[in-house]
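K.L.:
One structure, as structure tokens, below. Some questions next.
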Amino acid sequence: MPRMLDVSEDVRAEIGDAEADRLLVGDSAPGSYDCTSCRTPGDSAQERTSTVLFVGDETAVLAFAHATCIPSQVVRVAEDQLKGAMRSITGDESPTPEGLVPEQAVLGVTSGLVLIEDDLRPALVVEPTGPIARPGTDGRGGDQFLQLLLEQGFQPTQDLNRLPGVLPGWSVLLAVGRLHAVLQPGPEGGQVAWWQAHQPLQVTEGWRAAVNKSQTVLVFAAPAGSIGQQPREDLLRDALDKAAVNGLLVAASMPLAGT
């Protein structure tokens, strides 16, 4: 049975046209799956589904996600992380990779307008799909997402009625009216992508007008499960307020890069 699959050009390039075509006609794609983003069940025969390819140095794992959660994309991960995730799922040292879902978090980014100091401010909300471990560790130290951002200069936010401070060296890249990346200082000077959209993200006309006016983007970040996918900006604000009260929100102001 044909599947409602989205296979990005990057994924197709990695798996080949023949395998991509087999997925689309249903020969090698599961009907039901657990979304690699939100971990709830999905059905590729009934709803749009993204193919997500996790690629290590030697191993590749094809996973599936609701298209409303994340787009089809290639995610580069460390080989030991990929193999460790596969072993934890299968209990086998050498499992078959296809269709398995590694415990690899992906940063989700949502744009919205937030009312601060009587003005609607353009904001991005960053929330991983799962716990973030400190690089080079086995993850047993728990979710280190907020701590890592605090070490980068983000500030704890308990009151959304005040503008967060500017984070030196960071910026938000907007090009041709679409969101491309959040940039951070590079280890050898210049800037590198802290987060980069697989495909440039659309923003609303209101958001674009606000950012062109202020030339600044407010970036809020919270651990997995703190904010969630909110269908309206008032609900997004409520979720941000709750995360702030619970001590689960950090923020920074970043200049706009691009147009």
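Results for (1) within 14 Å of the chain's Cα centre (by Cα); (2) of a type in the set (Ser, Thr, Tyr); (3) on the phi < 0 side of the Ramachandran plot, shown as yes or no for each residue.
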| residue | (1), (2), (3) |
| --- | --- |
| LEU167 | no, no, yes |
| SER171 | no, yes, yes |
| LEU179 | yes, no, yes |
| GLU188 | no, no, yes |
| VAL192 | no, no, yes |
| TRP195 | yes, no, yes |
| LEU201 | yes, no, yes |
| ALA210 | no, no, yes |
| PRO223 | yes, no, yes |
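K.L.:
Would you be able to tell me the number of residues in segment 237-251 that are closer than 19 Å to LEU163 by Cβ and in contact (Cβ under 8 Å) with a residue 24 or more places away in the chain?
P.N.:
Number satisfying all stated conditions: 8.
K.L.:
Further question: Go through (1) surrounded by fewer than 16 Cβ atoms within 10 Å (Cβ to Cβ); (2) of a type in the set (Val, Ile, Thr); (3) touching a residue at least 60 places away in the same chain (Cβ under 8 Å) one by one and return the number of the condition VAL192 breaks.
P.N.:
Condition (3) is where VAL192 drops out.
K.L.:
Give the residues of segment 57-70 that are touching a helix residue (DSSP H, G or I) at 6+ places or on another chain (Cβ under 9 Å) and surrounded by 19 or more Cβ atoms within 10 Å (Cβ to Cβ), sorted by residue number.
P.N.:
Selection gives VAL61, LEU62.
K.L.:
Somewhere in segment 230-243, is a residue outside the structural domain of GLU9 (by TED's automatic domain parsing), touching a helix residue (DSSP H, G or I) at 6+ places or on another chain (Cβ under 9 Å) and farther than 22 Å from PRO185 by Cα?
P.N.:
Yes, segment 230-243 has at least one match.
K.L.:
Here is a follow-up. Tally up the residues in segment 11-44 that are modelled with pLDDT under 80 and of a type in the set (Lys, Arg), please.
P.N.:
The total comes to 1.
K.L.:
Would you check which residues across segment 233-259 are of a type in the set (Ser, Thr, Tyr) and part of a loop (DSSP other than H, G, I, E, B) and list them?
P.N.:
Hit for segment 233-259 is THR259, nothing else.
K.L.:
Would a scan of segment 155-167 turn up a residue that is over 27 Å from PRO135 (Cβ atoms), crowded, with 16+ Cβ neighbours inside 10 Å and of a type in the set (Asp, Glu)?
P.N.:
No: segment 155-167 contains no residue that is over 27 Å from PRO135 (Cβ atoms), crowded, with 16+ Cβ neighbours inside 10 Å and of a type in the set (Asp, Glu).
K.L.:
Does VAL166 meet the test of being within 16 Å of TRP207 (Cβ to Cβ), in contact (Cβ under 8 Å) with a residue 40 or more places away in the chain and assigned by TED's automatic domain parsing to the domain that holds ALA221?
P.N.:
For VAL166, the condition - within 16 Å of TRP207 (Cβ to Cβ), in contact (Cβ under 8 Å) with a residue 40 or more places away in the chain and assigned by TED's automatic domain parsing to the domain that holds ALA221 - is not met.
K.L.:
Does ASP159 satisfy the criteria of being within 21 Å of ARG121 (Cα to Cα) and among the acidic types (Asp, Glu)? It would help to see each step written out before you state the result.
P.N.:
Numbers: within 21 Å of ARG121 (Cα to Cα): yes; among the acidic types (Asp, Glu): yes.
Yes.
The values are calculated or read from the model by the stated rules, or taken from the named source; none is laboratory data. None of these values were measured; they are calculated from a predicted model. Every residue, glycine among them, receives a Cβ derived from its backbone with ideal geometry; neighbour counts consider all protein chains shown.
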